[in-house]
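K.L.:
Here it is, the structure, as structure tokens.
A short reminder: the numbers here are calculations on the coordinates, not readings from a lab. From a predicted model like this one, the values you see are computed outputs, not experimental measurements. Note that each Cβ is placed from the backbone with ideal geometry, even for glycine, and that neighbours are counted across all protein chains shown.
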Amino acid sequence: MKKIIHTIINRYKTTLLFSGLLLIFAIPFTGCGIYTMNDVSINYDSVKTIKLFTIENKASYVNPQLSPKLYEKLSQKFVNSTKLTRTNNDDAHYQITATITGYNPSQTVGISAQQATTNRLTVSVHVVLKKTLENKTEEFDVTRNADFSANLSLQQAEGQLLDELVRNLTDEIFNHIFSNW
């Protein structure tokens, strides 16, 4: 029995040694105040809370599903991709206000044999980011397009395009805020 245990220990000695050294060298880096995940850089020593205001829709054509879907997707992205706590308090460290400013279908993006084959839906969002700890406000605009068949009406295409547009807008807004785009 002693011989079997001795053989097992000798066999895994290198692995145990490597694991121990890795652990010793990794411990000093676990207390870092800046957390980075997928190029997201947040100083969690100071920034701890985020508030997302209801997204207003001021586009000339209003899709009633767009604003709540974008709000929900952004909220999920903040919770799932950061360690920030969502709050409704007015003293949140990051305060985000977004307004849908454009929802515009355009015709004849693609033409084949003198007929329109592709139309495009363009959605624009204006975002205001207030960083209360730095007493700083940033504003930026995000625009996303989605093409759809000219054989479909806008109402038919919206059902197919809305999730894709919301996902793309969410990613771009998130990246702009947390990845210094």
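K.L.:
For residue 45 and residue 79 in one chain, what is 0.36 nm times their gap in residues minus the Cα-Cα distance, to one decimal in nm?
P.N.:
10.5 nm
K.L.:
Rounded to the nearest 0.05, what FRET efficiency do residue 62 and residue 151 give with R0 = 25 Å and r taken as the Cβ-Cβ distance? Could you check?
P.N.:
0.55
K.L.:
While we're looking at this one, here's another question. Considering only the other residues whose Cβ falls under 14 Å of the Cβ of residue 76, what net charge follows from Lys and Arg at +1 and Asp and Glu at -1?
P.N.:
+2
K.L.:
Modelled label-to-label distance, residue 143 and residue 86, 7 Å Cα→beta-carbon offset: nm?
P.N.:
With each label placed 7 Å out from Cα toward Cβ, I get 3.0 nm.
K.L.:
Something else about it: Quick one: if the Förster radius is 35 Å, what FRET efficiency do residue 106 and residue 179 give, using the C-beta to C-beta distance and rounding to 0.05?
P.N.:
After rounding to 0.05, the efficiency reads 0.70.
K.L.:
How large is the direction-averaged shadow of the alpha-carbon convex hull of the stretch 34-178, in nm²?
P.N.:
Reported value for the Cα convex hull: 9.4 nm².
K.L.:
Using the structure shown, select from 51/130; 58/130; 58/131 the pairs with a Cα to Cα distance greater than 18 angstrom.
P.N.:
Exceeds cut-off: 58/130; 58/131.
K.L.:
Could you size up the charge dipole of the stretch 34-178 around its Cα centre, putting +1 on the beta carbon of Lys and Arg and -1 on that of Asp and Glu, and report it in debye to the nearest 20? Spell out each step's value before the answer.
P.N.:
Numbers: 14 positive and 16 negative charges, 39 e Å.
Dipole about the Cα centre, nearest 20: 180 debye.
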